[in-house]
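*Asks:* Handing you a structure now.
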Amino acid sequence: MTLSLINTLRNRRQRLADLIDFPAILWAGNSSPRNFPANVFPFRASSHFLYFAGLPLPNAAIRLEAGKLELFIDDPKPSSALWHGVTPSRDEIANKIGADAAYPIAELGSRVEGAATIAVQDAATWTSQTQIFDRMVLPQLPPQGIDLELAKAVIKLRLTHDEGALTELRSAAAVSVKAHEAGMAAVKRAKTEAEVRAAMESVIIAHNMKTSYNSIVTVHGEVLHNEEYHNTIQPGDLLLADVGAETPNGWAADITRTFPVSGKFSSTQLDIYNVVLAAHDACIAAIRPGVEYADIHLLACKTIAEGLVDLGILQGKPDDLVEKDVHAVFFPHGIGHLLGLDVHDMEDLGDLAGYDEGRERSARFGLGYLRLSRPLLPGMLVTIEPGFYQVPAILNSARKNYQYLINWERLEQFADVRGIRIEDDVLVTDTGAEVLTKALPTSSTEIEQQCLNIISGV
């Protein structure tokens with residue numbers, strides 16, 4: 001780890017000390033066995049731990065107070081070298097992260113008095129947290145008291161990204177772009193979604209990264225989090241690929257593209273794609289400090305409603321249709337979310353992170369899925385991901401609720417459009433926005449040209 005990164009970590013700890021006057025203890029989490037102890041699920045350290053410690057250390061904890069960091073981790077057992085190779089010692093790890101002191105994990109119990117914490121998701125760790133603190137520490141329970149104060153302080157720090165974080169986030173974005181390019185290239189020979197997924201994830205793995213979430217690679221784009229890859233790819237299909245890379249230190253990217261597997265959109269596919277693209281472009285153009293993210297979402301809703309009215313699918317005035325949530329029949333989710341050390345950053349804290357103080361989620365259809373309701377700040381990284389989906393269950397319900405606001409006969413002409421989403425990672429700057437994933441084209445003509453070049457072997 002470079003000295004600059006050590007300085008970044010120390011700066012984060014000091015900024016935390018400026019916000020709270022009590023110690024904080026953060027756990028990394030434990031590796032979890034898969035059926036038997038030696039076969040474990042891939043380990044992912046708690047993001048709050050990573051933010052201040054910098055390394056994905058299993059079975060470790062840190063104590064933060066007054067800008068200082070104490071590391072608690074056991075030295076590797078001599079036998080571990082046989083199975084895992086040479087592992088750094090506790091002191092070596094402490095030097096890498098700029099720790100002020102380092103102790104065996106067993107000594108942590110003597111350092112918890114007056115400390116706050118944030119619950120870790122895995123059961124073994126939150127059980128340990130509960131035991132050591134002698135109070136209930138559960139991820140299902142909203143934080144209280146000084147735990148709540150700690151959570152709010154961490155949120156304040158992590159809402160915007162320092163240069164160390166942005167370096168990592170740009171790296172994740174660049175690799176994710178390469179992965180999507182590989183996915184488009186794979187369609188030339190791929191017979192199933194799984195083959196395209198394999199091509200995309202192989203690029204991520206080759207850069208010593210992991211996927212930041214379970215990849216979505218599907219011809220059934222109407223299933224928002226489709227994690228099945230068995231469908232065959234047929235001429236005329238649209239393939240929706242929602243795939244992002246995560247750096248070794250945990251920083252995430254999140255990109256979605258939808259493209260025609262035959263190299264050219266049908267006329268109906270192109271019409272809907274351009275409606276979604278118009279919403280995507282309008283939202284990015286509107287991003288700047290002080291703008292409410294909820295207003296960005298409503299801009300997407302209105303733009304989609306306008307486009308669907310122009311196509312004859314919706315009937316009425318766009319503003320009225322949005323007020324009645326008719327647009328949400330086709331665009332039911334929020335416009336995006338925070339992005340950082342998690343693809344949905346800090347959602348382990350529920351709406352405490354996503355919603356500004358005093359705000360709560362709407363009960364309205366569509367708005368209820370909005371993950372972020374805050375004014376935008378310089379250094380904040382968000383996704384912009386409008387979409388159009390024909391979900392059978394939602395459409396069936398809409399036939400009763402919006403019988404005269406949707407032209408059902410006209411909609412039938414768009415049967416070859418199951419789902420379209422376009423997603424980019426957008427950094428709020430001092431004056432506007434920077435799209436970290438702009439190297440991957442979004443315009444229909446560029447996508448068609450790229451697909452046709454691949455198909456023709458150019």
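*Asks:* Apply 1/(1 + (r/R0)^6) to the Cβ-Cβ distance of I394 and R15, taking R0 = 45 Å, and write down the FRET efficiency to the nearest 0.05.
*Replies:* E between I394 and R15, to the nearest 0.05, is 0.55.
*Asks:* A further question on this structure: Between helix 193-206 and the chain, what is the angle of the helix's C-alpha long axis to the longest principal axis, kept within 0 to 90° and rounded to the nearest 10?
*Replies:* With rounding to tens, the tilt is 40 degrees.
*Asks:* How high is the FRET efficiency from Q315 to S266, r the C-beta distance, R0 25 Å, rounded to 0.05?
*Replies:* 0.60
*Asks:* Further, regarding this structure: Report the extension gain between L452 and Q234 in nm, rounded to one decimal, defined as 0.36 nm multiplied by the number of residues separating them, less their alpha carbon distance.
*Replies:* 76.9 nm
*Asks:* Continuing with this model, one more query. Does the range 344-397 come out rounded, prolate or oblate by the C-alpha gyration tensor, with a ≥ b ≥ c the root eigenvalues, rounded set by a/c under 1.5 and, if not, prolate when a/b is larger than b/c and oblate if not?
*Replies:* Prolate, since a/c reaches 1.5 and a/b exceeds b/c.
*Asks:* With an 8 Å cut-off on Cα pairs and a minimum separation of 6 or more residues, tell me the relative contact order of the chain in percent.
*Replies:* Working: 883 pairs, mean separation 66.6, N = 458.
In percent, rounded to a whole number, it is 15.
*Asks:* Name the lysines eligible as straight-distance cross-link partners of K302: C-alpha to C-alpha under 27 Å, and not fewer than 8 places from it in the same chain.
*Replies:* K317, K324, K400, K438
*Asks:* Could you tell me the calculated FRET efficiency between F43 and L377, based on Cβ-Cβ distance and R0 = 30 angstrom, to the nearest 0.05?
*Replies:* Efficiency at R0 = 30 Å is approximately 0.40.
*Asks:* May I pose another question? Restricting to Cα atoms and excluding each atom paired with itself, what does the Kirkwood estimate give for the range 256-389 in Å? Let's see the in-between values first.
*Replies:* Values: mean 1/r = 0.0641 Å⁻¹.
Radius from the Kirkwood sum: 15.6 Å.
*Asks:* Take the cross-link list K152/K178; K96/K156; K68/K210 and give me the ones stretching past 28 Å between alpha-carbons.
*Replies:* Check vs 28 Å cut-off fails for K152/K178; K68/K210.
*Asks:* Could you size up the charge dipole of the range 90-212 around its Cα centre, putting +1 on the beta carbon of Lys and Arg and -1 on that of Asp and Glu, and report it in debye to the nearest 20?
*Replies:* For this selection, approximately 620 debye.
*Asks:* If you average 1/r over all unlike Cα pairs in the range 123-234 and invert the result, what Kirkwood radius do you get in angstrom? Walk me through the numbers on the way to the answer.
*Replies:* Working: mean 1/r = 0.0567 Å⁻¹.
One decimal place: 17.6 Å for the Kirkwood radius.
*Asks:* Next question. Grab the eigenvalues of the alpha-carbon gyration tensor for the range 1-97, scale each by 5, take roots, and send me the semi-axes largest first in whole angstrom.
*Replies:* Over the Cα atoms of the range 1-97, the semi-axes work out to 27, 16, 11 Å.
*Asks:* Counting residues in the range 34-151 as N, plug N into 2.2 N^0.38 Å and put the Cα Rg over that result.
*Replies:* Normalised Cα radius of gyration, the range 34-151: 1.11.
*Asks:* Which aspartates and glutamates have a Cα less than 19 Å from the Cα of K77, not counting those fewer than 8 places away in the same chain?
*Replies:* Filter leaves D91, E92, E107.
*Asks:* What would the Debye equation give as log₁₀ I(q)/I(0) for the range 159-318 at q = 0.12, 0.15, 0.19 Å⁻¹, counting only Cα atoms as equal point scatterers?
*Replies:* So the normalised log intensities work out to -0.64, -0.94, -1.22.
*Asks:* Can you tell me the convex hull volume per residue for the chain, based on C-alpha atoms, in Å³ to the nearest whole number? Write down the numbers at each step before the final one.
*Replies:* On the way: hull volume 74.5 nm³, N = 458.
Considering the Cα atoms of the chain, their hull volume per residue is 163 Å³.
*Asks:* So how much slack lies between R364 and D134, counting 0.36 nm per residue of separation and subtracting their Cα-Cα distance, in nm?
*Replies:* Value of the extension gain: 78.7 nm.
*Asks:* Something else: How do the peptides 245-254, 281-290, 76-85, 168-177 rank, highest first, by the average count of neighbouring beta carbon atoms within 10 Å per residue?
*Replies:* Working: 245-254: 24.4, 281-290: 16.5, 76-85: 9.7, 168-177: 22.2.
Listed from highest to lowest mean packing, they are 245-254, 168-177, 281-290, 76-85.
*Asks:* Now, a different point. Rounding to the nearest 20 debye, state how big the charge dipole of the chain is about its Cα centre with +1 on each Lys and Arg Cβ and -1 on each Asp and Glu Cβ.
*Replies:* I would put it at about 520 debye.
*Asks:* Can I ask one more? Extension gain I105-E412, at 0.36 nm per residue separation less the Cα-Cα distance, in nm?
*Replies:* Extra length from I105 to E412 when fully extended: 104.3 nm.
Computed from the coordinates by the stated procedures, all read-outs in this text should not be read as laboratory data. Bear in mind the structure is a predicted one, so any value in this text is a computation, not a measurement. Here Cβ is always computed from backbone atoms with ideal geometry, including for glycine, and neighbour counts include all displayed protein chains.
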